[in-house]
1. How big is the antiparallel share of DSSP beta bridges in the chain, given as a percent to the nearest 5?
2. Return the distance in nm (one decimal) between the two label points of a simple spin-label model at D167 and N223, each offset 7 Å from Cα along Cα→Cβ.
3. Where does the range 158-202 land on the Kirkwood hydrodynamic radius, alpha-carbon pairs, in angstrom?
4. Which residue, S209, S13, S189, has the most motion in a Gaussian network model of the chain that connects Cα atoms within less than 10 Å?
5. Looking at the chain, how many pairs of lysines come closer than 16 Å at the Cα, when each pair is eight or more places apart or spans two chains?
6. By how many degrees, between 0 and 90 and to the nearest 10, does the Cα long axis of helix 152-165 differ from the longest principal axis of the chain?
7. Using the scaling law 2.2 N^0.38 Å as the reference, what is the normalised Cα Rg of the range 1-96?
8. Given +1 on the Cβ of Lys and Arg, -1 on the Cβ of Asp and Glu, and no further charges, what dipole in debye does the range 158-209 carry about its Cα centre, rounded to the nearest 20?
Amino acid sequence: MNEEFILETRGLSKDFKGFRAVNEVDLRLKTGTIHALIGPNGAGKTTCFNLITKFLVPTEGHIFYKGKEITGLTPAAIARLGMVRSFQISAVFLGLTCLENVRVALQRPLGVSFHFWRPLKALHRLHDRARELLADVGLDQYAEVPASELAYGRKRALEIATTLALDPEVLLLDEPMAGMAREDIGRISALIKRVAMSRTVLMVEHNLSVVAELSDYITVLQNGMVLAEGTYAQISDNPEVIEAYMGTGNGAAH
């Protein structure tokens, strides 16, 4: 196994009642890069992403992390290894404030996530780091605001902050810009670029301008198979990729 690649899939496949949604996908993430997984609607991107993060069980194929096979592990075990994912639908505790959401994530590595009987002051040492993470995603003014009161784009930003609180080696982002306003997209793009300086990022993203700006490497899926791989310049000039997007008329490239 090449140590240059922190995450690798070999022959990854998934069948749903006779339909092959992902077909023998070989994916290699180079350590310290931002790798985008793109393709027209129905290409198998989210299914592939869910296979890698173990929210789906592969029909065939293997997944390796740092050279060790992780195909049979649970999502929780994957997270403990250092692979942490965000979700296409915001997943935050709506009844907690932004600060409390991030603090819960910071508590996990300390093994005190569920020590509710401890004095609140015991958690104050986490506040500074929690506020730093909120500032990173542009939510420093919302620290005491319940997550339920945030606009959708800010909920997504909060989720990224809680994901970063777990200090993952590999950050897996499922359409991080979905539903965000233009100004939110710019801020979160800058954040992803900054955090990728010290970790590896795999993202599924429809917004090709974001993909062009952030990605070091891109894998294009079509009909569950790898159609093309390369830099954005290489991908954007590939006739098969152009046909895949333009020929479907589904507006995936927006």
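Here, each number is a calculation from the coordinates, and none is a lab measurement. Treat the numbers as computed from the prediction; the structure is a model and nothing was measured. Cβ: placed from backbone, ideal geometry, glycine included. Neighbour counts: every protein chain shown.
1. Working: 21 of 37 bridges.
Counting only bridges with both partners in the chain, antiparallel ones make up about 55 percent.
2. Result: 4.7 nm between the two label points.
3. 10.9
4. Its mean-square fluctuation being the largest, the pick is S209.
5. Details: K14/K45; K14/K54; K30/K66; K30/K68; K30/K193; K45/K54; K54/K68.
Taking the Cα cut-off of 16 Å, the pair count is 7.
6. That works out to roughly 80 degrees.
7. Working: Rg = 14.0 Å, N = 96, 2.2 N^0.38 = 12.5 Å.
Dividing the Cα Rg of the range 1-96 by 2.2 N^0.38 Å gives 1.13.
8. 240
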